[in-house]
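Student: Quick one: the structure is below, questions incoming.
The values are calculated or read from the model by the stated rules, or taken from the named source; none is laboratory data. Treat the numbers as computed from the prediction; the structure is a model and nothing was measured. So basically every Cβ, Gly included, is an ideal-geometry build from the backbone, and we count neighbours across all protein chains shown.
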Amino acid sequence: MKLFAKWETDGITVEDPGLQPYIETKFMYLPKTSGRNFTKLTRGKKHLVERLINKLMVPGHRGKKHKFTSGHCTGKYATAFGIVEKAFAMVEKSTGKNPLMVFVKAVENGAPREEITTIEYGGARYPKAVECSPLRRIDVVLRYIVQGAYSKSFNKKKSISSCLASEIVHAFQLNAQSNAIAKKNELERQADSSR
């Protein structure tokens, strides 16, 4: 039994011990649970590919601005499913490896370890470095991957599938052309300077 009836799910390991309980890659032919048994605490038990597909259905959000958007996207699970399946096929073609393994490693590489919060003390605001929880690390890296893919394909000739595939491959290779790796480096550099 294979994911999308194409790729093996056995033998995929997560090297980061903090992320191991929160990256779910067990066998699932069709990564869709339709929100059954879903709360904030059980989010880490959802399949990682399903979480990526759900993020793809929320395009354009940068902060509270809808910078890149193609309109209302909810209910388009079949479209997002096809995008991810095509992107995984492109990842396999370019790397020659199991795309699920490449995607898991890309998520590990792009997950930020520290973030910045603003502390207000005596009327003055200053940044403070804080550690990022494992569940938030995965949510943030998935958001950065999707935002990078949408920004590279919006109003351009490249398809969203090829942009998503290149984002995943660049994050897998720790290449700064990936939006997730660039944002992670920027966040950790700012956190380091605000200790």
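Student: Quick one: in the stretch 131-167, which of the residues that are under 15 Å from the mean Cα position of the chain (by Cα) and charged (D, E, K, R) is surrounded by the fewest Cβ atoms within 10 Å (Cβ to Cβ)?
Tutor: Arg136
Student: With the structure loaded, tell me whether Glu92 is in contact with a strand residue (DSSP E or B) (Cβ under 8 Å, 6 or more places away or on another chain) and not in a loop (DSSP other than H, G, I, E, B) or whether it fails that test.
Tutor: yes
Student: What's the number of the only condition in (1) buried (at least 16 other Cβ atoms within 10 Å of the Cβ); (2) without any contact (Cβ under 8 Å) to a residue 40 or more places away in the chain; (3) more than 19 Å from Tyr150 (Cα to Cα) that Gly96 fails to meet?
Tutor: It is condition (1) that Gly96 fails.
Student: Which residues, counting only those in the stretch 42-59, are part of a loop (DSSP other than H, G, I, E, B), modelled with pLDDT under 80 and either among the aliphatic types (A, V, I, L, M) or in contact with a helix residue (DSSP H, G or I) (Cβ under 7 Å, 6 or more places away or on another chain) (or both)?
Tutor: Val58, Pro59
Student: Between a first residue in the stretch 99-127 that is part of a helix (DSSP H, G or I) and a second residue that is of a type in the set (D, E, K, R) and surrounded by fewer than 21 Cβ atoms within 10 Å (Cβ to Cβ), which pairs have beta carbons less than 7 Å apart while being 6 or more apart in sequence or on different chains?
Tutor: Matching pairs, first to second residue: Pro99/Glu92; Glu108/Glu15; Glu108/Asp16.
Student: Same structure again: How about the stretch 128-154: which of its residues are under 25 Å from Ala191 (Cα atoms), part of a helix (DSSP H, G or I) and basic (Lys, Arg)?
Tutor: Answer for the stretch 128-154, where residues must be under 25 Å from Ala191 (Cα atoms), part of a helix (DSSP H, G or I) and basic (Lys, Arg): Arg136, Arg137, Arg143.
Student: Out of (1) in a loop (DSSP other than H, G, I, E, B); (2) modelled with pLDDT of 90 or more; (3) not aliphatic (A, V, I, L, M), what's the single condition that is false for Lys157?
Tutor: It fails just one condition, (2).
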